[in-house]
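J.: Right, I'll just put the structure down here and ask away after.
Every number in this text was worked out from the coordinates using simple rules, so none of it is lab data. Everything numeric in this text was worked out from a predicted model, so none of it was measured. Cβ coordinates were reconstructed from backbone atoms using ideal geometry, including for glycine residues, and neighbour counts include every protein chain displayed.
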Amino acid sequence: MIVPATKTRIERGINLKGEPGTGRLLDEKPGSMCTHKVRLETVADVDAEVKAWLKDAYERA
């Protein structure tokens, strides 16, 4: 899920049930569509770490 958060930032929702949140991988509220979110402001923010989370979530789905 991708949500516009501000004029300069989007939030990418990710389902990684059982994974602890980190500084970048933020826990979502219980009952949300996604378990975590990542704040993205530039294309450079979609780095290897974010790609690994997305790949993991896709493989779990």
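J.: Using a 10 Å cut-off on Cβ atoms, rank the peptides 26-38, 1-13 from the highest mean neighbour count down.
T.: In descending order of packing, they fall as 26-38, 1-13.
J.: What are the equivalent ellipsoid semi-axes of the chain, built from the alpha-carbon gyration tensor (square roots of five times its eigenvalues), in whole angstrom, biggest first? It would help to have the intermediate numbers written out before the result.
T.: Values: eigenvalues 63, 40, 20 Å².
Whole-Å semi-axes of the equivalent ellipsoid: 18, 14, 10.
J.: Another question, if that's okay. Taking H placed 1.01 Å from N in the peptide plane, check which residues at least 5 places from Ala5 or on another chain put their amide H under 5 Å from its amide H.
T.: Ile10, Glu11
J.: Continuing with this model, one more query. For the chain, build the charge dipole from Cβ charges (+1 Lys, Arg; -1 Asp, Glu) around the Cα centre, then report which of Ile10, Ala44, Ala61 sits farthest towards its positive end.
T.: Checking the options against the dipole of the chain, the answer is Ile10.
J.: Using a Cα-Cα cut-off of under 18 Å, which aspartates and glutamates could be cross-linked to Lys29, ignoring same-chain neighbours fewer than 8 residues away?
T.: Within the straight-line cut-off, Lys29 pairs with Glu11, Glu19.
J.: Roughly speaking, what is the centre-to-centre gap between the range 46-61 and the range 10-26 when only Cα atoms are used, to the nearest Å?
T.: What the calculation gives is 10 Å, centre to centre.
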